[in-house]
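Colleague: My questions all concern the structure below.
Taken together, the values in this text are just the output of simple stated rules run on the coordinates, not laboratory data. Here the structure is a predicted model, which is why all the values come from computation and not from measurement. In this analysis, Cβ positions are derived from the backbone assuming ideal geometry, glycine residues included, and neighbour counts consider all displayed protein chains.
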Amino acid sequence: MNYCNYCPGYCCYRLDGSVLLIDADDINRLARHFSISDGEVRKRFMENRYTLKVEDDGSCIFQARNRMIKRCTIHAVRPMQCRRFPYSDACPYLEREDLLATIQPRVEKSLQNHWLKKSQSESA
Ligand code: SF4
Ligand code: SF4
């Protein structure tokens, strides 16, 4: 079974000490996807030379805010590290209570914020 299809993307939240490393091929794939230059990808989406920006809650900027599963909005062109994780191992986020305890509240808060903003805009 591919658990990723049923997961809110725990691995798409940055943990202390972890980093999503982006290389030149990843940048070029994103550039072609968005029909912009590599330099524009760096300017819009990257925090520094090596990694993508994240939201305040540590989630990747390419996560969809309005769904519970399949939340990567650039799935077809996602970075190589995202494609390979968790490599040939079992997913550590589903195996380790300490990781889930750190990440689960962030996932829930992110979704709550989305639905709260949505209901506020609909009642305004
Ligand atoms: S690798 Fe693990 S945490 Fe990431 S989407 Fe798949 S099951 Fe979820
Ligand atoms: S690019 Fe997609 S799969 Fe990779 S961290 Fe961001 S949302 Fe997750």
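Colleague: So what J values fall out for the stretch 100-114 if you push phi through Karplus, 6.51 cos²θ - 1.76 cosθ + 1.60 with θ = phi - 60°, rounded to Hz, Gly and Pro as x?
Modeller: Working through the residues one at a time gives 5, 5, 7, 8, 3, x, 5, 4, 5, 5, 4, 5, 4, 4, 4 Hz.
Colleague: Near Lys53, which aspartates and glutamates are there with a Cα under 17 Å away, not counting those fewer than 8 places off in the same chain?
Modeller: Leaving aside aspartates and glutamates fewer than 8 places away in the same chain, those within reach of Lys53 are Asp16, Asp23, Asp26, Asp38, Glu40.
Colleague: Sticking with this one: Let me spell out the model: positive unit charges on the Cβ of Lys and Arg, negative unit charges on the Cβ of Asp and Glu, origin at the Cα centre of the stretch 48-124. What dipole size does that give, in debye rounded to 20?
Modeller: Value, rounded to 20: 440 debye.
Colleague: Please list, in order along the stretch 17-31, the HN-Hα scalar couplings obtained from phi with the Karplus expression 6.51 cos²θ - 1.76 cosθ + 1.60 (θ = phi - 60°), rounded to whole Hz, x for Gly and Pro.
Modeller: x, 9, 8, 9, 8, 10, 10, 4, 5, 4, 5, 5, 4, 5, 4
Colleague: Give, as a single signed number, the net charge of other residues whose beta carbon lies under 9 Å from the beta carbon of Gly9, with Lys and Arg counted +1 and Asp and Glu -1.
Modeller: Net local charge, Gly9 excluded: +2.
Colleague: Calculate one ³J(HN,Hα) per residue across the stretch 37-45 by plugging θ = phi - 60° into the Karplus curve 6.51 cos²θ - 1.76 cosθ + 1.60, and present them in order as whole Hz with x for glycine and proline.
Modeller: With the stated coefficients, the stretch 37-45 comes to 7, 4, x, 5, 4, 4, 5, 7, 10 Hz.
Colleague: Let me ask something else about it. Rounded, prolate or oblate: which one fits the chain, using the alpha carbon gyration tensor with axes a ≥ b ≥ c (rounded when a/c is under 1.5, else prolate when a/b beats b/c, else oblate)?
Modeller: Since a/c reaches 1.5 but b/c is at least a/b, the shape of the chain is classed as oblate.
Colleague: Next question. May I ask you to list the aspartates and glutamates whose Cα is less than 15 Å away from that of Lys117, ignoring any residue fewer than eight positions away on the same chain?
Modeller: Reachable aspartates and glutamates: Glu108.
Colleague: Around Arg14, which amide H atoms from residues at least 5 apart in sequence, or from another chain, sit under 5 Å from its own amide H, with H modelled in the peptide plane?
Modeller: Amide H to amide H, under 5 Å and 5 or more residues apart or across chains, Arg14 pairs with Ser59, Cys60.
Colleague: Next up: Determine the distance separating the Cα centre of the stretch 81-124 from the Cα centre of the stretch 18-53; give it in Å without decimals.
Modeller: The distance from the Cα centre of the stretch 81-124 to that of the stretch 18-53 comes to 22 Å.
Colleague: Please list the non-local residues whose amide H lies under 5 Å from the amide H of Lys70, H modeled 1.01 Å from N, same-chain partners needing a gap of 5 or more.
Modeller: Cys7
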